[in-house]
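Undergrad: Quick one: the structure is below, and I'll ask about it shortly.
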Amino acid sequence: MSTPEAVRVTLVRGDITQQSVDVVVNAANSSLLGGGGVDGAIHRQGGPEILAACRELRASHYGKGLPTGKAVATTAGSLDARWVVHTVGPVWSSAEDRSALLASCYRESLRVAAELGARTVAFPAISTGIYGWPMDDGARIAVRTVLAEAAAPVEEVRFVLFDAHAFVEFEEVLAAQG
Ligand code: ADP
């Protein structure tokens, strides 16, 4: 048996809806019915099929919505991807340590992606937008969790960072840990 290849962790600056990958991870909210930021962009670019699939999930398995830290897959509609994996990040709190929930988003999304047979997975910087997580800490949790958890059949995990600040923070963390 050959030694399994290490998973490649790559960084790109750009829009996650423009990536050609097997899985695009969505920083969703628990309603699964759309929102701002990455979520809004994915539904806009991916078309109504994604929202229809989310509505079905709400009508079946997730009547109360998707809990924070969990992940679930739908079609990717017209995105250049096979699936969207929706995960709900925690809202930042200075009073309470919610890091385990943020790590869970990355771990559960990778688990769902691997179950689907995905080889390439694109992540946004979950919780660092509307949910207010500081970028340096969000990057640390993201990179550390992905390095620890990504496994075959996943070959590449791509962090897609929207702005220069996010890109630099992820670059620093990856250089220190990778
Ligand atoms: P959350 O509610 O989990 O904070 P957001 O979607 O508001 O999620 O933001 C998460 C991160 O994604 C932020 O750093 C934001 O700048 C970034 N972002 C927003 N739109 C896009 C996009 N189209 N592609 C990649 N990253 C994006």
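The values are calculated or read from the model by the stated rules, or taken from the named source; none is laboratory data. What you are looking at is a predicted structure, and each value in this text was computed from that prediction instead of being measured. No Cβ is skipped: glycine too gets one built from the backbone with ideal geometry, and neighbour counts run over all protein chains shown. Keep in mind that these areas ignore ligands, DNA and RNA; they rest on the heavy atoms of the full protein, side chains included. Shrake-Rupley method; radii C 1.70, N 1.55, O 1.52, S 1.80 Å.
Undergrad: If THR74 meets every condition in (1) within 14 Å of the ligand (Cβ to nearest atom); (2) part of a strand (DSSP E or B) apart from one, which number is that one?
TA: (1)
Undergrad: Still on this structure, please answer the following. Given the conditions (1) of a type in the set (S, T, N, Q); (2) in contact with a Lys or Arg (Cβ under 9 Å, 6 or more places away or on another chain); (3) more than 10 Å from the ligand (Cβ to nearest atom); (4) closer than 21 Å to PRO134 by Cβ, which single one is not true for SER93?
TA: In the conditions (1) of a type in the set (S, T, N, Q); (2) in contact with a Lys or Arg (Cβ under 9 Å, 6 or more places away or on another chain); (3) more than 10 Å from the ligand (Cβ to nearest atom); (4) closer than 21 Å to PRO134 by Cβ, SER93 misses (2) alone.
Undergrad: Out of the range 80-94, which residues are closer than 17 Å to ASP15 by Cα, assigned to a loop (DSSP other than H, G, I, E, B) and touching a strand residue (DSSP E or B) at 6+ places or on another chain (Cβ under 6 Å)?
TA: Answer for the range 80-94, where residues must be closer than 17 Å to ASP15 by Cα, assigned to a loop (DSSP other than H, G, I, E, B) and touching a strand residue (DSSP E or B) at 6+ places or on another chain (Cβ under 6 Å): just ALA81.
Undergrad: Determine the pairs where a residue that is under 14 Å from VAL25 (Cβ atoms) and in contact (Cβ under 8 Å) with a residue 12 or more places away in the chain, located within the range 38-51, has a partner that is within 9 Å of the ligand (Cβ to nearest atom) and of a type in the set (Gly, Ala, Ser) with Cβ atoms under 6 Å apart, the partner being 6 or more residues away or on another chain.
TA: From residues that are under 14 Å from VAL25 (Cβ atoms) and in contact (Cβ under 8 Å) with a residue 12 or more places away in the chain, the pairs are VAL38/ALA27; ASP39/ALA28.
Undergrad: A further question on this structure: Just for the range 39-65: of the residues that are open to solvent by 40 Å² or more (accessible area, probe 1.4 Å) and among the hydrophobic types (A, V, I, L, M, F, W, C), which one is nearest to the ligand (Cβ to nearest atom)?
TA: Per the stated criteria, the residue is LEU51.
Undergrad: A further question on this structure: Within the group VAL88, VAL72, VAL7, which residue is of a type in the set (A, V, I, L, M, F, W, C) and touching a Gly at 6+ places or on another chain (Cβ under 8 Å)?
TA: Exactly one residue qualifies, and that residue is VAL88.
Undergrad: Next question. Only residues that are within 6 Å of the ligand (Cβ to nearest atom), of a type outside the set (Ser, Thr, Tyr) and surrounded by 19 or more Cβ atoms within 10 Å (Cβ to Cβ): list them for the range 125-139, please. It would help to see each step written out before you state the result.
TA: Kept after step one, since they are within 6 Å of the ligand (Cβ to nearest atom), are these residues of the range 125-139: 125-131.
Retained after the next criterion (residues that are of a type outside the set (Ser, Thr, Tyr)): 125-126, 129-130.
Matches in the range 125-139: ALA125, ILE126, GLY129.
Undergrad: Could you check how many residues of the range 1-28 are open to solvent by less than 40 Å² (accessible area, probe 1.4 Å) and either within 8 Å of the ligand (Cβ to nearest atom) or closer than 20 Å to LEU66 by Cα (or both)?
TA: 9
Undergrad: Give me the residue from the range 165-178 that is in contact (Cβ under 8 Å) with a residue 40 or more places away in the chain and more than 11 Å from the ligand (Cβ to nearest atom) and, out of that set, nearest to ARG8 (Cα to Cα).
TA: Result: GLY178.
Undergrad: Considering only residues that are more than 13 Å from ARG144 (Cα to Cα) and open to solvent by 20 Å² or more (accessible area, probe 1.4 Å), look in the range 104-124 and name the one that is nearest to the chain's Cα centre (by Cα).
TA: GLU108
Undergrad: Going by the conditions given, is VAL157 in a strand (DSSP E or B) and at pLDDT 95 or above? Quick ask: steps written out before the conclusion?
TA: Working: in a strand (DSSP E or B): yes; at pLDDT 95 or above: yes.
When the stated conditions are applied, VAL157 passes them.
Undergrad: What residue, among those in the range 140-164 that are within 10 Å of the ligand (Cβ to nearest atom) and not charged (D, E, K, R), is most open to solvent (accessible area, probe 1.4 Å)?
TA: PHE162
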